[in-house]
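*Asks:* Pasting a structure below so you can have a look.
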Amino acid sequence: METTLTKQNYGRQSHFLINAKYTLTRGEIDLILALLTVIKKDDKDFKDYQFSIKELEHKLGHKLQSKQLKKNIKSIMSKPIELPPTQIKGEWEIVNWFSYFKFDNSVITCRFDKDLKPYLLDIKERFVISNLRMLLIMRSSYSKRIYLLLKEYAKKLLPFITDTTQLIWKLLDENKKILLEGAQGTMLDIDHGT
């Protein structure tokens with residue numbers, strides 16, 4: 001069997017998938033992110049990706065039980081992705097992550113849904129490259145989603161992020177005026193101010 005589960009730990013996906021509406025558990029997200037790493041940058045079309053359960057366990061960093069894997073796959077396939085609307089009023093799009101899964105004699109075969117092609121293949125702009133190793137250590141499905149959302153905006157936010165201690169010392173050395181705002185950690189009133 002030729003495996004398609006590579007040593008690559010990075011997955012690419014369009015910002016539309018990052019911003020899509022879907023509700024998945026931590027285990028389901030981990031499984032999808034691990035399987036996204038089988039897609040190569042130069043792939044032109046999806047194929048049947050095949051690998052052993054041992055390879056998937058190695059990729060995820062933990063043992064998998066066949067029953068739990070089946071439960072996760074069925075759950076993923078029953079939870080569609082609602083993609084964000086385009087500029088056209090009233091338009092909407094709902095797709096699934098996968099169109100096919102098979103487990104036979106410890107060999108897994110999967111196929112991404114063909115309708116995800118514009119969001120996982122041939123993406124030239126506004127995509128996120130995520131590091132599977134960074135995501136697997138996160139314990140919450142919400143933290144994984146927030147990480148991916150922040151990865152999308154990292155390039156835009158980077159110019160506004162700095163070491164403020166060094167910045168303040170530099171401004172003080174230049175005799176610049178600095179306005180600092182402080183607030184107490186308790187007794188804050190979000191409705192009426194402090």
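The values are calculated or read from the model by the stated rules, or taken from the named source; none is laboratory data. What you are looking at is a predicted structure, and each value in this text was computed from that prediction instead of being measured. Ideal geometry is used to build each Cβ from the backbone, glycine not excepted, and the neighbour counts take in all protein chains shown. Areas reflect the complete protein model, heavy atoms only, side chains present, ligands, DNA and RNA absent. Shrake-Rupley method; radii C 1.70, N 1.55, O 1.52, S 1.80 Å.
*Asks:* Return the residues of region 98-153 that are basic (K, R) and in contact with a His (Cβ under 9 Å, 6 or more places away or on another chain); say none if nothing qualifies. Reasoning before the result, please.
*Replies:* Pass one, region 98-153, residues basic (K, R): 102, 111, 114, 117, 124, 126, 133, 139, 144-145, 151.
Within region 98-153, R126 is the sole residue that qualifies.
*Asks:* Also, I was wondering about something else. Would you be able to say whether some residue in region 146-169 is surrounded by 13 or more Cβ atoms within 10 Å (Cβ to Cβ), over 13 Å from the mean Cα position of the chain (by Cα) and without any contact (Cβ under 8 Å) to a residue 60 or more places away in the chain? Full working, then the answer.
*Replies:* Of region 146-169, the ones surrounded by 13 or more Cβ atoms within 10 Å (Cβ to Cβ) are 147-149, 151-152, 168.
Applying the additional criterion that residues be over 13 Å from the mean Cα position of the chain (by Cα) yields 168.
Restricting the remaining residues to those that are without any contact (Cβ under 8 Å) to a residue 60 or more places away in the chain gives 168.
Looking for residues that are surrounded by 13 or more Cβ atoms within 10 Å (Cβ to Cβ), over 13 Å from the mean Cα position of the chain (by Cα) and without any contact (Cβ under 8 Å) to a residue 60 or more places away in the chain, one finds at least one in region 146-169, hence yes.
*Asks:* What number of residues in region 114-137 are free of Cβ contacts under 8 Å to residues at least 60 places away in the same chain and either open to solvent by less than 60 Å² (accessible area, probe 1.4 Å) or part of a loop (DSSP other than H, G, I, E, B) (or both)?
*Replies:* First, pick out the residues of region 114-137 that are free of Cβ contacts under 8 Å to residues at least 60 places away in the same chain: 115, 124-125, 134, 137.
With the extra rule that they be either open to solvent by less than 60 Å² (accessible area, probe 1.4 Å) or part of a loop (DSSP other than H, G, I, E, B) (or both), the set shrinks to 124-125, 137.
Total satisfying the criteria: 3.
*Asks:* Name every residue in region 14-28 that is buried (at least 19 other Cβ atoms within 10 Å of the Cβ) and out of contact with any strand residue (DSSP E or B) (no Cβ under 6 Å at 6 or more places or on another chain), in order of residue number.
*Replies:* Residues satisfying the conditions are H15, L17, L24, E28.
*Asks:* For region 29-107, give me every one of the strands (runs of 3 or more DSSP E) that falls completely inside it and has 1 or more residues that are among the hydrophobic types (A, V, I, L, M, F, W, C) and open to solvent by 20 Å² or more (accessible area, probe 1.4 Å). Write out each step before concluding.
*Replies:* Working: elements: 49-52, 81-83, 93-95, 98-104.
The qualifying strands (runs of 3 or more DSSP E) are 93-95, 98-104.
*Asks:* Moving to a separate point now. In region 149-178, which residues are in a helix (DSSP H, G or I) and of a type in the set (D, E, K, R)? Reasoning before the result, please.
*Replies:* The first filter runs over region 149-178 and keeps only residues in a helix (DSSP H, G or I), leaving 149-160, 164-173.
Correct list: K151, E152, K155, K156, K170, D173.
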